[in-house]
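The values are calculated or read from the model by the stated rules, or taken from the named source; none is laboratory data. All of these numbers come straight from a predicted model, not from anything done at the bench. Every residue, glycine among them, receives a Cβ derived from its backbone with ideal geometry; neighbour counts consider all protein chains shown. Accessible surface is based on the protein model in full, side chains and every heavy atom, while ligands, DNA and RNA are left aside. Shrake-Rupley method; radii C 1.70, N 1.55, O 1.52, S 1.80 Å.
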Amino acid sequence: MRLGIFDSGRGGEFVAEKLKSLLPAHEYIVVNDLAHAPYGERSYEEIQKLTEAAIQSLLACDIIVIACNTATAGAIDYLRLKHPDKIFVGFEPMIKPAANATKSNRITLLATRATAYSTRTEQLITDYAQSMTIDRPSTLGWAKAIDEDHEETIDLTEVKRTIDNGSDVIIIGCTHYIALQERLEELFPSTQILEPTEAVANQISQLTSS
């Protein structure tokens with residue numbers, strides 16, 4: 001089965017690598033839109049137009065994975081309406097698992113502004129973490145730094161501040177930021193770090209076995 005993976009930048013490569021290790025039987029085609037990345041500060045109208053244009057080469061795939069939290073928040077409903085015969089699987093912040101995991105009732109969400117304050121994220125918080133504190137430190141410039149192979153220059157001071165204030169779970173809410181996972185684990189060894197690729201792999205398994 002052919003799986004198409006789209007991300008605005010390098011995040012799709014990280015997702016494809018993880019999915020291949022979890023679901024090695026499939027063929028993977030990865031497309032990005034580095035020419036217009038990052039998407040995180042763009043309007044939803046722009047995100048829809050850019051994502052629609054970028055996925056054209058993936059429309060022959062059996063399943064299209066929108067491996068971009070920002071594109072999922074801004075465009076996946078639009079894509080499903082535009083292409084009702086295609087199966088789209090999106091990435092979204094793991095608010096519910098984080099709410100179940102936290103002992104301090106404080107969670108750090110690392111996401112672009114378009115994802116962190118999207119209608120979908122706000123709804124997830126209302127549904128599963130309404131009584132909890134969700135810290136959303138600025139990640140402006142992170143995706144660009146990662147796309148340019150400069151992730152080591154990213155300042156994690158604001159993230160550390162949320163941990164010092166009691167957050168015990170970090171949600172990686174942008175697939176670009178998978179590049180920071182090892183560093184986050186080293187810096188905050190007592191903090192649980194959640195990233196949704198495994199959950200997406202389980203969803204794909206269910207879709208391909210049905």
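I need to check one value: relative contact order of the chain, counting alpha carbon pairs closer than 8 Å and at least 6 residues apart, in percent. If you can, show how the numbers build up before the last one.
On the way: 374 pairs, mean separation 48.9, N = 210.
Relative contact order, the chain: 23 percent.
When the Debye formula is applied to the Cα atoms of the stretch 132-210, each taken as the same point scatterer, what base-10 log of I(q)/I(0) results at q = 0.12, 0.17, 0.22 Å⁻¹?
With no solvent term, the Cα-only Debye profile gives -0.41, -0.73, -1.06.
Charges only on Cβ, +1 for Lys and Arg, -1 for Asp and Glu: so what's the dipole of the stretch 82-193 about the Cα centre, in debye to the nearest 20?
Roughly 520 debye, rounded to the nearest 20.
Over the chain, with a Gaussian network built from C-alpha contacts below 10 Å, which listed residue (Q56, Q123, Q192) shows the highest mean-square fluctuation?
Q56
With everything on Cα atoms, drop me the angle between helix 119-128 and the longest principal axis of the chain, reported from 0 to 90° to the nearest 10.
Approximately 60 degrees, to the nearest ten.
Under the 0.36 nm per residue contour assumption, what length would be gained going from the current alpha-carbon distance of N165 and D77 to full extension? If you can, show how the numbers build up before the last one.
Values: separation 88, 0.36 × 88 = 31.68 nm, distance 3.60 nm.
Difference between extended and current length: 28.1 nm.
For the chain, compute the number of Lys pairs whose alpha carbons are separated by less than 22 Å, excluding pairs fewer than 8 positions apart on the same chain. Numbers along the way, then the final one.
Details: K18/K96; K18/K144; K20/K86; K49/K82; K49/K86; K49/K144; K103/K160; K144/K160.
Lysine pairs satisfying the spacing and distance rule in the chain number 8.
Could you work out the equivalent-ellipsoid semi-axes for the chain, taking the square root of 5 times each eigenvalue of the Cα gyration tensor, largest first, in whole Å?
Details: eigenvalues 145, 65, 58 Å².
Calculated on Cα positions only, the semi-axes equal 27, 18, 17 Å.
I want to verify a result. In a Gaussian network model of the chain, Cα cutoff 10 Å, which of these has the top mean-square fluctuation: T197, T162, T133?
T133
Take the chain, connect every pair of alpha-carbon atoms lying under 10 Å apart with a spring to form a Gaussian network, then pick out the residue of A114, A199, A143 with the largest mean-square fluctuation.
A199
Could you tell me what % of all Cα pairs in the stretch 8-127 have separations over 20 Å?
Working: 3241 of 7140 pairs.
The calculated P(r) of the stretch 8-127 puts 45 percent of pairs beyond 20 Å.
Expressed as an acute angle from 0 to 90° and rounded to the nearest 10, what is the orientation of the C-alpha long axis of helix 11-22 relative to the principal long axis of the chain?
Helix 11-22 and the main axis of the chain meet at about 80 degrees.
If you take every DSSP beta bridge fully contained in the chain, what fraction is antiparallel? Give it as a percent rounded to 5. Mind showing how you got there, number by number?
On the way: 0 of 24 bridges.
Rounded to the nearest five, the antiparallel share is 0 percent.
Ratio to report: Rg/Rh of the stretch 71-182, with Cα atoms as the point set and Rh obtained by the Kirkwood method; give two decimals.
Taking Rg over the Kirkwood Rh, I get 1.00.
Taking the Cα centre of the stretch 134-189 as origin, sum charge times position over the Cβ atoms of Lys and Arg (+1) and Asp and Glu (-1), and report the length of that vector in debye to the nearest 20. Don't skip to the answer; put the middle values down first.
Details: 5 positive and 13 negative charges, 53 e Å.
Here the stretch 134-189 has a charge dipole of around 260 debye.
Taking the chain as the reference, fit the longest principal axis to its C-alpha atoms, fit the long axis of helix 44-54 to the helix C-alpha atoms, and give the angle between the two in degrees, 0 to 90, nearest 10.
Helix 44-54 and the main axis of the chain meet at about 50 degrees.
Taking only protein heavy atoms into account and a 1.4 Å probe, give the accessible area per residue of the chain in Å².
Working: 9950 Å² over 210 residues.
Result: 47 Å² of accessible area for each residue.
Tally Lys and Arg at +1 and Asp and Glu at -1 over the other residues with C-beta under 13 Å from the C-beta of T153: what net charge comes out? Please list the in-between numbers first.
Details: positive: K144, R183; negative: D147, E148, D149, E151, E152, D155.
Around T153, the charge tally is -4.
How would the stretch 44-107 be classified by its alpha-carbon gyration tensor: rounded, prolate or oblate, with rounded meaning a/c under 1.5 and the a/b versus b/c comparison settling the rest? It would help to have the intermediate numbers written out before the result.
Values: a/c = 3.28, a/b = 2.20, b/c = 1.49.
It is prolate, given that a/c is not under 1.5 and a/b is the larger ratio.
Tally up the carbon and sulfur contribution to the accessible surface of the chain as a whole percent, 1.4 Å probe, everything protein left in place. Before the final figure, lay out the partial values.
Working: 4630 of 9950 Å².
C and S fraction of accessible area: 46 percent.
Ignoring GluC sites (Glu not before Pro) that are buried or in helix or strand per DSSP, and keeping those with at most 15 other beta carbon atoms within 10 Å, what is the longest stretch of the chain between them?
42-147
Quote the FRET efficiency, to the nearest 0.05, computed for S104 versus S57 with a Förster distance R0 of 45 Å and r equal to the Cβ-Cβ distance. Could you put the intermediate results ahead of the total?
Numbers: r = 45 Å, r/R0 = 0.99.
The calculated FRET efficiency here is 0.50.
What 222 nm value per residue comes from the helices of the chain, counting each DSSP H run with n ≥ 4 as -39,500 (n - 2.57) and dividing by all residues, nearest 500 deg cm²/dmol?
Numbers: 10 runs with 92 residues, N = 210.
Computed mean residue ellipticity for the chain: -12500 deg cm²/dmol.
Given the Cα-Cα distance of S205 and E27 and 0.36 nm per residue of separation, how much length would full extension add, in nm? Present the calculation step by step, with values, prior to reporting the outcome.
Numbers: separation 178, 0.36 × 178 = 64.08 nm, distance 1.37 nm.
62.7 nm is the gain from fully extending S205 to E27.
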